[in-house]
Amino acid sequence: MENYEVCHCMGVSYLDIEKAMHEKQSFSDVEDTFKSVQEVTHCSTGCGGCHDKVLDIISELMSK
């Protein structure tokens with residue numbers, strides 16, 4: 001996957017989200033994983049416009 005900026009407010013990229021997910025041992029569900037990724041990257045804490053994109057990326061990475 002090509003790296004691109006997902007959260008413009010916090011400057012979070014696709015690879016930042018992927019890296020944050022790898023720091024977690026296991027995934028129980030998308031929402032819990034989103035909260036963990038948010039704690040690490042601070043994505044979707046500004047305007048919130050990237051919320052759905054971040055959830056989509058997490059879902060995609062969890063299904064790999």
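The values are calculated or read from the model by the stated rules, or taken from the named source; none is laboratory data. Quick caveat, the model's predicted, so the values are computed rather than measured. Cβ coordinates were reconstructed from backbone atoms using ideal geometry, including for glycine residues, and neighbour counts include every protein chain displayed. Just so you know, the surface numbers come from the protein's heavy atoms only, side chains and all, with ligands and any DNA or RNA stripped out. Shrake-Rupley method; radii C 1.70, N 1.55, O 1.52, S 1.80 Å.
Observations
- Count of segment 1-22 residues, restricted to those that are without any contact (Cβ under 8 Å) to a residue 24 or more places away in the chain, open to solvent by 80 Å² or more (accessible area, probe 1.4 Å) and more than 16 Å from Lys64 (Cβ to Cβ), is 2.
- Residues located in segment 49-64, provided they are in a loop (DSSP other than H, G, I, E, B), at pLDDT 90 or above and either touching a Gly at 6+ places or on another chain (Cβ under 9 Å) or open to solvent by 30 Å² or more (accessible area, probe 1.4 Å) (or both): Gly49
- Top-ranked residue of segment 25-39 - restricted to ones that are of a type outside the set (Gly, Ala, Ser) and open to solvent by 70 Å² or more (accessible area, probe 1.4 Å), ranked as nearest to Leu55 (Cα to Cα): Glu31
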